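The values are calculated or read from the model by the stated rules, or taken from the named source; none is laboratory data. Note that the coordinates shown come from a computational prediction; the quantities given were computed from them, not determined experimentally. For neighbour counting, all protein chains shown are included, and Cβ atoms are generated from backbone atoms with ideal geometry for every residue, glycine included. The protein model used for the area step is the full one, side chains on, heavy atoms only, and it has no ligands, DNA or RNA in it. Shrake-Rupley method; radii C 1.70, N 1.55, O 1.52, S 1.80 Å.
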Amino acid sequence: MTAPTCRAAADWPKEHAFMTTHLVLVGAGHAHLHLLKHATALRRAGYRITLVAPTRFWYSGMAARLLSGAPRDACSLNIAALTARHGIEHVTAPFVALDVHTKHVFLADGHHIDFDVLSLNVGSDVVPPTPTGATVPAWGNARYWHVKPIERLDALRQHVLNAAQQHRALHMVVVGGGPSGVEMAANLAGLSQRLGAANEVRLVTRHPRLISDAPDAASRWASRQLSRLGVDWHPSVALDGGAEWLDILDVPPDDIVLATGLRPAYCVADLPLALDDNGIRIKATLQSEQHATIFAVGDCASLIDHSLPKRGIEGVRQGPVLLQNLVALQNGAPLHDYHPPATALAIVDMHDKGLALYGEHWRGGRLALRLKRYIDTRFLQRYR
């Protein structure tokens, strides 16, 4: 991993000396990837840029592929290489705090970075299905796996592989009946089949049907595909009353995979910004409700006038608006509004087939999965 760096303005190369507006980007999510690619436009507007982010971006659209066995490099981007290619200062120490008055970002290694303009794109974490919102519910002695951060799924895949090599069958439970839960269950079953492992995969959901926002026929199709893959589905299970739901299982689980919805990354709750349950409250211009020089995008942001689902397409579409508005802010020009799409294409990866959803329209099969593979690969290719 690249060593954390934090240079003062005097340490910057001479070609950057004229740039007096320091733009700090925290997080390398979908929207910030767009800024990295268009760093030249930001520099022309008078910014010098520092990115605070890990060395690798894990693409959420390929979470299921990562779990089912795709190479790590195919599901992620090398942020260190990307920032080096575009001449951007890259700091790898984790972001831990923010002072809006002194305009400092604080890092886990004890360093801090001053900023003139800040943009936050720090993502989301899993919402545990417990009354207290505890990070890890007390559900027996199983190992717990969260679908976020995505790199944890690489560790889960290795865990399944190690068990198969030891000829040890796993009893695995996925909790959550949304797209992520369905993807996890299908791809754990598919991975087990590919390895020749006699793993038991079960899916436990609160709702009586899968992907509750999808048309009924699409939900039934998804249920049939899980059955075909050998997944045992338990619908209408009360998950927030403690560990009693484990009684529906004849064998205690070895592993529990939590895919129970998303909330803003844990660090967001401690930020000195206007917040609500969905994240940092932002205007249509993507600016913080309270601070014109602080922007927030992606899963960590909550658009004041719209309730947005936590999905990658929002960050992708916010990227160009964020770029325009950062340039406009520097030039003293009017800022643009972000208009969320009324509906968007979503494709659920079910190992060897896909379920494409667009409003009330849907299609399931191998063609849908091929389309998803094409879209995901094209997205990552933009930044390679």
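The set of residues from segment 321-378 being open to solvent by 90 Å² or more (accessible area, probe 1.4 Å), out of contact with any strand residue (DSSP E or B) (no Cβ under 9 Å at 6 or more places or on another chain) and among the hydroxyl-bearing types (Ser, Thr, Tyr) comprises just one member, 374.
Here is the figure for segment 62-110: residues that are touching an Asp or Glu at 6+ places or on another chain (Cβ under 6 Å), open to solvent by less than 20 Å² (accessible area, probe 1.4 Å) and not aliphatic (A, V, I, L, M) total 0. From the list 157, 202, the one residue that fits, being outside any strand (DSSP E or B), basic (Lys, Arg) and modelled with pLDDT of 95 or more, is 157.
The set of residues from segment 177-193 being out of contact with any helix residue (DSSP H, G or I) (no Cβ under 8 Å at 6 or more places or on another chain) and either in contact (Cβ under 8 Å) with a residue 60 or more places away in the chain or surrounded by fewer than 17 Cβ atoms within 10 Å (Cβ to Cβ) (or both) comprises 178, 179, 181, 193. Here residue 263 fits the description: under 14 Å from the mean Cα position of the chain (by Cα) and in a strand (DSSP E or B). Selection of first residues in segment 273-295 that are on the phi < 0 side of the Ramachandran plot and of second residues that are among the basic types (Lys, Arg) and at pLDDT below 95, restricted to Cβ pairs under 7 Å at least 6 apart or on distinct chains, gives an empty result. Among residues belonging to segment 208-222 that are part of a helix (DSSP H, G or I) and without any contact (Cβ under 8 Å) to a residue 40 or more places away in the chain, point out the one that is surrounded by the most Cβ atoms within 10 Å (Cβ to Cβ). Looking at residues that are part of a helix (DSSP H, G or I) and without any contact (Cβ under 8 Å) to a residue 40 or more places away in the chain, I get 219. Residues of segment 223-248 that are outside any helix (DSSP H, G or I) and either open to solvent by 20 Å² or more (accessible area, probe 1.4 Å) or over 20 Å from residue 171 (Cβ atoms) (or both): 230, 232, 233, 234, 235, 236, 238, 240, 241, 242, 243.
In this structure, does residue 142 turn out to be more than 27 Å from residue 75 (Cα to Cα) and either touching a residue at least 60 places away in the same chain (Cβ under 8 Å) or surrounded by 21 or more Cβ atoms within 10 Å (Cβ to Cβ) (or both)? So residue 142 fits the description; yes. Meeting the requirement of 3 or more residues that are over 16 Å from residue 32 (Cβ atoms), the strands (runs of 3 or more DSSP E) wholly within segment 80-134 are 95-99, 104-107. Just one of the listed residues (296, 333) is farther than 25 Å from residue 379 by Cα and either among the hydroxyl-bearing types (Ser, Thr, Tyr) or at pLDDT 95 or above (or both), namely 333.
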